[in-house]
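*Asks:* Got a structure for you, questions after.
The values are calculated or read from the model by the stated rules, or taken from the named source; none is laboratory data. Owing to the predicted nature of the structure, the values given are computational and were not obtained by experimental measurement. Every residue, glycine among them, receives a Cβ derived from its backbone with ideal geometry; neighbour counts consider all protein chains shown. Accessible surface areas use protein heavy atoms only, side chains included; no ligands, DNA or RNA. Shrake-Rupley method; radii C 1.70, N 1.55, O 1.52, S 1.80 Å.
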Amino acid sequence: MRLQSTRQFLFASAAAFAFASPAFALDGADVLKKINAAYSVQGAAVEAKSIAVDGSTVTLSGVTFGTAADPSQKIPVGNVTLDGVEENNGGYTIEKMSFDNIKFAQEGIAIDASDIYMTGVTVPADTTTGKLDSMLFYEEAHSGPVTVKMGEKESFSVAETTTTISKSEDEGTVSFDLNANGFKADLSGVTDPKTKDAIDKLQVQTLTGDLTMNGSWELAPGTLTVDEYAIDLKDVGRLNMAFSFSGYTLNFIKSMQEAVKAQAANPNKEQADQAAGLAMLGLVQQLSFISAEISFEDASITKRAIDYAAGEQNMTGEQLSQTIKGMVPLMMAQLNVPELQNAVSAAVNAYIDDPKNFTISAEPAKPVPFPMIMGAAMGAPNTIPQVLGVTVTANE
């Protein structure tokens, strides 16, 4: 009796294990397959030499990343660790995707990057739905210190870069925010005498600052809006660009990716480039311009630039300033844009006299299809400022 009970217990345990294992064990190969499917839509290929699964952790070893632009070129990524992996309706969610530190050196250039990871990753089950759930999505992408050395000298570095992405409750809008803090570029190693002289006189041997970008994307109308794309450099100034256009839908992106893949697959480069150009020209027809703005807030670079340019022409800074103020109306008159001529002249005069900020904006009363802009540029370029609602202001 005891032997029979023991046998029943063993058979029951074995059965439970047999049924439970497939239900809960992760298929590491399928995880990579789904990730690769998401990247392949963009014309990229992800490969790994080996895959190991330990509970909810999947480790991809010897990972390489290739692109459609050059399939033969495979970028070594190293090992990638996926923590907190769970199956999700045929796809997967990943709590954190961590990458090996990058140490690359070739032909006197060395690149080091550390603390690289992505969190809140969603891997789609199906990349063909034409909806947001068909795209690989992450909540945060992070990189710690990145340095670039030319020989033994560090020429460029960034302390930290963070990108966050969020979806609205109805998944109709995606918002994004990028911050690259502690940007530093060392130009003191430039050897060309002319360039070095300009760098020294402009006092930009070292550039430090931050890079920021934020905006949103409305999927249905394909409205992509970048509210801020700015680089702020100490003792130089802050350059910001903002723009918005519609028509950038998921179908538009898919068509653009297919055009890129077709170009890469065509062995006849001249024919491929021509076909790709025609395809892109056709796609542009679907876009409409909403607004754009470029602005600059001076932090002392303007006066140094005027003084340097004046010295190159054997003039004083004041003399060159007056020359610029006198030339602008003449140049604008040649462009035959009377609506803008006075505004540009007034803005340039104000900025030259007291450099604070300068802004060029374009905001038409309603969105303008790109074909209309292209037609105006070819047929009557002087009408573009009116078509786009261009304004120029300074020190506001």
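*Asks:* Keeping all protein chains in place, calculate the accessible area per residue for the chain (probe 1.4 angstrom), answer in Å². List each step's numbers first, then the result.
*Replies:* Values: 22990 Å² over 396 residues.
Spelled out: the 1.4 Å probe surface of the chain, per residue, equals 58 Å².
*Asks:* Separate question: Under a GNM of the chain (C-alpha, springs under 10 Å), which listed residue has the highest mean-square fluctuation: E87, E152, E228?
*Replies:* E152
*Asks:* I've got another one for you. Specify the angular offset, from 0 to 90 degrees and rounded to the nearest 10, of the alpha carbon long axis of helix 250-265 from the longest principal axis of the alpha carbons in the chain.
*Replies:* Roughly 90 degrees between the two axes.
*Asks:* Now a separate question. If the elastic network links every pair of Cα atoms under 10 Å, which of P267, P381, P364 fluctuates the most in the Gaussian network model of the chain?
*Replies:* Checking each option, the largest mean-square fluctuation is seen for P267.
*Asks:* Starting from 0 in steps of 10 Å, tell me what percent of the Cα-Cα pairs of region 256-297 lands in each bin.
*Replies:* Spelled out per bin, shortest first, that is 26, 35, 20, 16, 3.
*Asks:* Got a sec to turn the phi values of region 284-289 into Karplus ³J(HN,Hα) couplings, 6.51 cos²θ - 1.76 cosθ + 1.60 with θ = phi - 60°, whole Hz, x for Gly and Pro?
*Replies:* Taking θ as phi minus 60°, the curve returns 4, 4, 7, 8, 10, 7 Hz for region 284-289.
*Asks:* Ignoring any ligand, DNA or RNA, what whole percent of the accessible area of region 67-215 comes from carbon and sulfur when the probe is 1.4 angstrom? It would help to have the intermediate numbers written out before the result.
*Replies:* Details: 4400 of 8380 Å².
Answer for region 67-215 is 52 percent, counting heavy atoms of protein chains only.
*Asks:* Please list, or write none, the aspartates and glutamates whose alpha carbon is within less than 18 Å of the alpha carbon of K254, excluding same-chain residues fewer than 8 places away.
*Replies:* Straight-line reach from K254, under 18 Å: D126, D133, E218.
*Asks:* Still on this structure, please answer the following. Just to be sure I understand: with springs between alpha-carbon atoms less than 10 Å apart, which residue in T195, T64, T212 has the highest mean-square fluctuation in the Gaussian network model of the chain?
*Replies:* Among T195, T64, T212, the largest GNM mean-square fluctuation belongs to T195.
*Asks:* Okay, moving on. Starting from the amide H of E139, placed 1.01 Å from N in the peptide plane, find each other amide H under 5 Å away whose residue is 5 or more places distant or on another chain.
*Replies:* Amide H to amide H, under 5 Å and 5 or more residues apart or across chains, E139 pairs with T119, G120, V121.
*Asks:* Taking Cα atoms, how many degrees apart are the long axis of helix 28-40 and the longest axis of the chain, rounded to 10 and kept between 0 and 90?
*Replies:* 30
*Asks:* May I pose another question? Scan around D115 for amide H atoms under 5 Å from its own, H built in the peptide plane at 1.01 Å from N, and keep only partners 5 or more places away or cross-chain.
*Replies:* G144
*Asks:* What do you get for GluC sites (Glu not before Pro) in region 160-214 restricted to DSSP loop and a cutoff of at most 10 other Cβ within 10 Å of the site's Cβ?
*Replies:* On the way: sites: E160, E169, E171; in loops: E169, E171.
Qualifying residues, ordered by number: E169.
*Asks:* From the residues I109, A292, G91, which one has its Cα farthest along the dipole of the chain in the positive direction, the dipole being from +1 and -1 charges on Cβ of Lys/Arg and Asp/Glu about the Cα centre?
*Replies:* In the chain, that residue is G91.
*Asks:* How big is region 203-319 by Rg and Dmax over its Cα atoms, in Å?
*Replies:* In order Rg, Dmax, the Cα atoms of region 203-319 give 21.2, 58 Å.
*Asks:* Across 5 Å bins from 0, what is the distribution of all Cα-Cα pair distances for region 272-344, in whole percents?
*Replies:* In whole percents, the pair-distance histogram is 3, 12, 11, 11, 14, 13, 10, 8, 11, 7, 1.
*Asks:* Hey, got the dipole for region 108-181? About the Cα centre, +1 on K and R Cβ, -1 on D and E Cβ, debye to the nearest 20? Intermediate values should be presented prior to the final figure.
*Replies:* On the way: 4 positive and 13 negative charges, 62 e Å.
Result for region 108-181 is approximately 300 debye, rounded to the nearest 20.
*Asks:* To the nearest 0.05, what FRET efficiency results for D197 and N382 with a Förster distance of 45 Å applied to their C-beta separation?
*Replies:* Efficiency at R0 = 45 Å is approximately 0.70.
*Asks:* Return the ratio Rg/(2.2 N^0.38 Å) for region 87-166, where Rg is computed over Cα atoms only. Don't skip to the answer; put the middle values down first.
*Replies:* Working: Rg = 16.8 Å, N = 80, 2.2 N^0.38 = 11.6 Å.
Taking N as the residue count of region 87-166, the ratio is 1.44.
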